[in-house]
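To keep things clear, I will list the structure first and then write my remarks on it.
The values are calculated or read from the model by the stated rules, or taken from the named source; none is laboratory data. The structure presented is a predicted model; accordingly, all values stated were derived computationally and were not measured. Here the Cβ positions follow ideal geometry from the backbone for every residue, glycine too, while neighbour counts run over all protein chains shown. Keep in mind that these areas ignore ligands, DNA and RNA; they rest on the heavy atoms of the full protein, side chains included. Shrake-Rupley method; radii C 1.70, N 1.55, O 1.52, S 1.80 Å.
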Amino acid sequence: MNKESLKSYLIAKGINCSDEQLVDLLDLMKTTLETNEKFNITAITDESEFLEKMIYDSALGLQKFDFNGKRVIDVGTGAGFPGMVLYILNPEMHLTLLDSTAKKINHLNDYCSSKNYKVEGVVARIEDYAKKNIEKYDFAFARAVASLNILVELISPLLKAGGVFIALKGKGADEEIKGASNALRKLNLEIIDTDNETLPDSKEQRTLIYIRKNRPTPRKYPREYSLIKKLPL
Ligand code: SAM
């Protein structure tokens, strides 16, 4: 993928990308790749692959909802994906980037200040942050952080009733959905839609899973992380 095809693929998906936003996405890539040499924050280092698997892939999360003025969190953001791409393409959202690794969030906070982006970076473990920030967010995203049955327990307390968790998944999403049915029921969550996507160059499969919180999360969740891992719902 190159910058011209990125822009046309986004527009074909109904995702607006102005020339200024394209410049900002390319700057994000450049900075991430430069920082990577010091910090090892992403495994994808080829530019064409980066545009497809980091930038385009992240942007797919914008297709379904209007995020203007909404509180959005990217849980386990790593080097800022999908969160930074979502924000550059829609700076009207109120975005929190959360990761347990301080060097990643410090880098993102520095980058956002240098670009005057109004983004909040938080160093925390999701399970701790979720207990202190109940029902704060309209939308949550997570890409490549944990299996779906574990993620929903960590993330559901953060969502307002009616809020939506958008899980960005690769191959095996159907199995993860099956494996999460008990967790979804116990947490008052419902899968309201899924989108199967094929990346344009590599033809890799992606699935976006849209999960709505219908009622408040029972207060006993999330449990201690060790218990979630040992005995997932
Ligand atoms: N979402 C990014 C992406 O798709 O490129 C990063 C994915 S990386 C494989 C997983 C990230 O989740 C890491 O940066 C890790 O520090 C973070 N993470 C894992 N468990 C976490 C937890 N319990 N709380 C906060 N962050 C966590």
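For this structure, a couple of remarks:
- Per principal axis, descending, Cα span of region 65-230 in whole Å: 44, 41, 29
- For the options 183, 43, 102, a Gaussian network treatment of the chain with springs between C-alpha atoms closer than 10 Å singles out 43 as fluctuating the most.
- The HN-Hα couplings worked out from phi for region 126-140 by the Karplus form 6.51 cos²θ - 1.76 cosθ + 1.60 (θ = phi - 60°) are 4, 5, 6, 4, 5, 5, 9, 10, 5, 6, 8, 10, 7, 9, 10 Hz, whole numbers, x standing for Gly and Pro.
- Straight-line cross-link partners of residue 131 among the lysines, defined as a Cα under 18 Å from its Cα and at least 8 positions apart when in the same chain: 160, 186, 213, 220, 229.
- Top of 171, 160, 103 by mean-square fluctuation, Gaussian network on the chain, Cα under 10 Å: 171
- The label-point distance for residue 171 and residue 30, in a model that sets each label 7 Å from Cα toward Cβ, rounds to 3.6 nm.
- Among 99, 138, 193: highest mean-square fluctuation, GNM of the chain, C-alpha pairs under 10 Å: 193
- Percent accessible area from carbon and sulfur atoms, region 107-233, protein chains only, probe 1.4 Å: 48 percent
- Estimated translational D of region 157-233 in µm²/s (Stokes, Kirkwood radius over Cα pairs; 4 °C; 1.567 mPa s): 94 µm²/s
- Antiparallel content of DSSP bridges confined to the chain, in %, to 5: 45 percent
- In degrees, nearest ten, helix 102-115 long axis to first principal axis of the chain (Cα): 50 degrees
- Folded to 0 to 90 degrees: helix 3-12 orientation relative to the chain principal axis, Cα: 50 degrees
- Taking each residue as 0.36 nm, the span from residue 212 to residue 196 lengthens on full extension beyond its C-alpha to C-alpha distance by 4.0 nm.
- Taking the Cα centre of region 65-230 as reference, the dipole from Cβ charges on Lys and Arg (+1) and Asp and Glu (-1) amounts to some 680 debye.
- For the chain, the relative contact order works out to 15 percent when only alpha carbon pairs closer than 8 Å and six or more residues apart are counted.
- Solvent-accessible surface of the chain, taken per residue with a 1.4 Å probe and all protein chains present: 45 Å².
- Prolate/oblate/rounded label for region 193-233 (Cα gyration tensor, a/c 1.5): oblate
- Overall form of region 44-150 per C-alpha gyration tensor (a/c, 1.5; a/b vs b/c): rounded
- Net lengthening on full extension, residue 231/residue 20 (0.36 nm per residue, minus Cα-Cα): 71.2 nm
- At the residue level, residue 100 shows approximately 60 square angstrom of accessible surface with a 1.4 angstrom probe and all protein chains present.
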